[in-house]
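These notes concern the structure reproduced below.
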C-alpha cells in the first residue's frame, strides 16, 4: 500500500510525499473467450491475405498487417506507383468496437445481432478500422 502526504506553508507552496510500495491491481479481461475467438479469426484472415503460406511474415503486428493489406489493396485497385497512408487513417479499436456493438458471449457462444456466429462481418470491421475518407489521384 502507498501513502500520499501533503504539506503546505499555508501561503502558496504544496509538498507531496509518496511512500510505500505499489501493489498490483488485477484487471479483469472484459472480452469473453468466444469474442476473443471472433477477433482472432478476423486477424487470422487479415494475416492469411497479407501473408500467404509461401511468403514470410513472421513477427508482423496487427498494425503492420492491416496497413499492408490496405496499401496492397489501394495499389492493386488504383494501379498507382506509390500509395501513401498516415497513422491517423487507421483506428485500432475497430474490432473491439464492432464486437461491443454487435456481439455478446452467452455461455461460451458468440451471439452477434441476435444469432450464434462463428465469423464476423469482415467488411464492416475494415470500414471501422480504415478512416480514409479522402484520396488524391494524379494522372
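Packing around the peptides 16-23, 96-103, taken as the average count of other Cβ atoms within 10 Å per residue, puts them in this order, highest first: 96-103, 16-23.
By the beta-carbon count within 10 Å of each Cβ, the least crowded to most crowded order of 42, 122, 13, 90, fewest first, is 13, 122, 90, 42.
Any read-out appearing in this document is the output of simple, stated calculations on the displayed coordinates, not a laboratory observation. Here the structure is a predicted model, which means the values were calculated and not measured. Note that each Cβ is placed from the backbone with ideal geometry, even for glycine, and that neighbours are counted across all protein chains shown.
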